[in-house]
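Let me begin by presenting the structure, written as structure tokens, before commenting on it.
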Amino acid sequence: MTKHKKLRPGGRVAFKYFNAACVLLCTAAQVGCEEAASDSSDLSSARGFYTYDSCSVAQRAQLETDKIVARSILDSAFVAINSGDALYHRWLGAWDQSRGTYLSNLLTQIKNAWDTQTIHCVAEDGPYARAGAVGSPDVYLYNIWWAAPPSFPPFQGEEGGQADTLLHEFTHLFGTGDNNTWGRDCLNLSQTHPETAISTAACIQYFMANNYQAQIAPVLDVQYL
């Protein structure tokens, strides 16, 4: 689960790097309009993306764009799972082959289950987002979710963006925990207890998002927290 926290505006940098996704958003919006005949309260598939529950057309369009970005974040993470990667050390601690194998297998499970999730848009206050039980396909997004910045850049203080937070919740579906760890806590946890960091959703989320951002905008690869 991603904790309920105050979100800050993404700022000009966020908008600068979000421009690359504008075409995707327009395409997703068009797809959503074509499916507007479906009642938003019903479960319905959207061209191989998610299954939606109680999500409006506009929410579906945003989520489809987020998932495209989330897949890019996920795919780019595999190459950073190695003993020499600085971002792996930053967020997940000292290299250990068994922990590296665990992470690679976890991300492969998420990749293999792509397009099987059910996204529930919950029109009430609550946590930012939460996942269902391990082995379920369910992710729940609450009102505060829609105030989150996009994943350009992924870090706004201690908050991630929408796409990388989806990945956070997806890891829970395969058994990661929160371990009362958020944001800058991961920087300490990774150095003191790497065996816990490797199974903590926030640490994996920030590792993946920081790695992706370093690839698309290296100038922004700084110590965020």
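Quick notes
- Looking only at region 93-117, and only at residues there that are at pLDDT 95 or above and hydroxyl-bearing (Ser, Thr, Tyr), the one that is surrounded by the fewest Cβ atoms within 10 Å (Cβ to Cβ): SER98
- Among the residues of region 191-210, those that are among the hydroxyl-bearing types (Ser, Thr, Tyr) and within 19 Å of the chain's Cα centre (by Cα) comprise SER199, THR200, TYR206.
- Here GLU195, GLU159, GLU169 are screened, and the one residue that is at pLDDT 90 or above and either closer than 29 Å to ALA58 by Cα or buried (at least 24 other Cβ atoms within 10 Å of the Cβ) (or both) is GLU169.
- Figure legend. Inter-residue proximity from region 179-208: first residues under 18 Å from ASP96 (Cβ atoms) and part of a helix (DSSP H, G or I), second residues among the hydroxyl-bearing types (Ser, Thr, Tyr) and open to solvent by less than 40 Å² (accessible area, probe 1.4 Å), beta-carbon distance below 6 Å, spacing 6+ or different chains. Indicated pairs: CYS186/TYR206; LEU189/THR181; ALA197/SER190; ILE204/THR171.
- Members of region 54-84 found to be more than 17 Å from the chain's Cα centre (by Cα) and open to solvent by 50 Å² or more (accessible area, probe 1.4 Å), listed by number: SER54, ALA58, VAL79, ASN82, SER83, GLY84
- Qualifying positions in region 198-213 - among the polar types (S, T, N, Q), at pLDDT 95 or above and open to solvent by less than 10 Å² (accessible area, probe 1.4 Å): THR200
- Against the test of being among the basic types (Lys, Arg), under 17 Å from ALA209 (Cβ atoms) and modelled with pLDDT of 90 or more, the options ARG90, ARG60, ARG8 yield a single qualifying residue, ARG90.
- Residue in region 153-163 that is of a type in the set (A, V, I, L, M) and part of a loop (DSSP other than H, G, I, E, B) present: no
- When residues of region 70-92 are limited to those that are in contact with a Leu (Cβ under 8 Å, 6 or more places away or on another chain) and touching a residue at least 40 places away in the same chain (Cβ under 8 Å), the one farthest from TRP114 (Cα to Cα): ARG90
The values are calculated or read from the model by the stated rules, or taken from the named source; none is laboratory data. This is a predicted model, so every value here is computed, not measured. Methodologically, a virtual Cβ is constructed for each residue, glycine included, from the backbone with ideal geometry; neighbour enumeration extends over all protein chains shown. The area values use the complete protein model at the heavy-atom level, side chains included, leaving out ligands, DNA and RNA. Shrake-Rupley method; radii C 1.70, N 1.55, O 1.52, S 1.80 Å.
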